[in-house]
1. By the 4.7 Å beta carbon criterion, which cysteine residues of the chain come out unpaired?
2. Considering all alpha-carbon pairs of region 3-150, what whole percent are spaced by more than 19 angstrom?
3. Putting +1 on Lys and Arg Cβ atoms and -1 on Asp and Glu Cβ atoms, find which of MET115, LEU94, VAL81 reaches farthest to the positive end of the dipole of region 70-124.
4. Given N residues in region 130-184, what is Rg(Cα) / (2.2 N^0.38 Å)?
5. Compute the label zone of ARG38 within region 113-135: residues whose backbone N is under 15 Å from the point 7 Å along Cα-to-Cβ.
6. Roughly how big is the chain's charge dipole about its Cα centre, with Cβ charges of +1 (Lys, Arg) and -1 (Asp, Glu), in debye to the nearest 20?
7. Tell me, what does the Kirkwood hydrodynamic radius of region 53-108 come to in angstroms if you use every pair of distinct C-alpha atoms?
8. Taking the Cα centre as origin and putting +1 on Lys and Arg beta-carbons and -1 on Asp and Glu beta-carbons, what dipole magnitude results for region 3-150, to the nearest 20 debye?
Amino acid sequence: MNSEDREKTCVDLLANAPGFPTLPREATRFIAGGCHQRTAARDQLLYEKGETLSGFFVLLDGRVKLAVLSADGSERVLDIVLPGRTFAESAALLGRPCPLYAQALTHCRLLFVEMARVHAAIQRWPAVALAMLALVAERNQRLTLDLEACCLHSATQRLAGYLLREAASDPEQPDLGTLTLPAAKTVVASSLNLSAETFSRELHGLAHHGLVSVARREIRIPSLTRLRALSGERSGADAATPDRLISHGPG
């Protein structure tokens with residue numbers, strides 16, 4: 001497929017990726033000419049730690065985990081990528097080896113964005129540089145928040161914070177939240193720096209106190225306000241949840 005064909009098939013997909021909706025249409029079309037659509041089967045490795053990439057990915061459908069192995073071979077999941085997000089952009093921009101490996105958790109459909117096209121586009125459209133800077137800054141912000149949670153928050157607070165970030169509220173009942181875990185509980189637990197046993201125990205504890213109800217991967221939050229108080233996002237009158245729920249260690 002030549003660049004003109006790739007531009008036609010990829011431009012609308014790229015236009016909806018983070019950072020790209022604000023770009024001039026001609027810049028998006030130019031970058032789309034260097035894009036490739038890819039698919040990955042469940043458990044397929046997209047790239048290994050230490051691999052140097054010529055571009056970055058936009059996840060269109062599916063789930064991808066970004067992880068690293070410790071010296072003893074145990075896995076630590078750093079992130080679970082959901083549709084609409086980008087990944088590997090920092091390593092691609094720097095031209096350095098990837099610090100993590102990426103593996104498909106489900107069947108995935110992806111867009112691979114060639115960095116050579118991005119570099120050329122930056123020379124012609126300064127807005128592209130701002131878009132890439134925003135992508136990297138957003139990822140840095142997310143990693144900083146994750147580091148803060150791992151260092152300073154209890155296991156219960158980490159789980160509560162995660163549920164609040166991922167939950168969708170009902171417009172007719174704004175204090176009600178629902179979410180579907182994006183991966184197996186062991187994978188989600190690792191992304192929170194928790195063991196699978198601690199994750200299950202904390203989730204059961206929240207359910208026991210009526211803060212959540214769980215049906216397999218489906219989680220319902222009857223009151224986002226009560227869960228927010230537990231996570232430490234609010235204080236004062238909202239912090240009515242018993243202190244004993246926040247007594248667990250880092251997990």
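Values quoted throughout were computed directly from the atomic coordinates according to the rules given, and no laboratory measurement underlies them. Nothing here was measured: the structure is a model prediction, and the numbers come from that model. Positions of Cβ are backbone-derived with ideal geometry, glycine not excepted, and every protein chain shown enters the neighbour counts.
1. CYS98, CYS108, CYS150, CYS151
2. Values: 5640 of 10878 pairs.
Value for region 3-150 (Cα pairs over 19 Å): 52 percent.
3. Selected residue: MET115.
4. Working: Rg = 14.3 Å, N = 55, 2.2 N^0.38 = 10.1 Å.
Expressed relative to 2.2 N^0.38 Å, the Cα Rg reads 1.42.
5. 113-116
6. Details: 28 positive and 27 negative charges, 23 e Å.
Its charge dipole is roughly 120 debye.
7. Working: mean 1/r = 0.0842 Å⁻¹.
One over the average 1/r among Cα pairs gives 11.9 Å for region 53-108.
8. On the way: 17 positive and 17 negative charges, 45 e Å.
Here the size comes out at about 220 debye.
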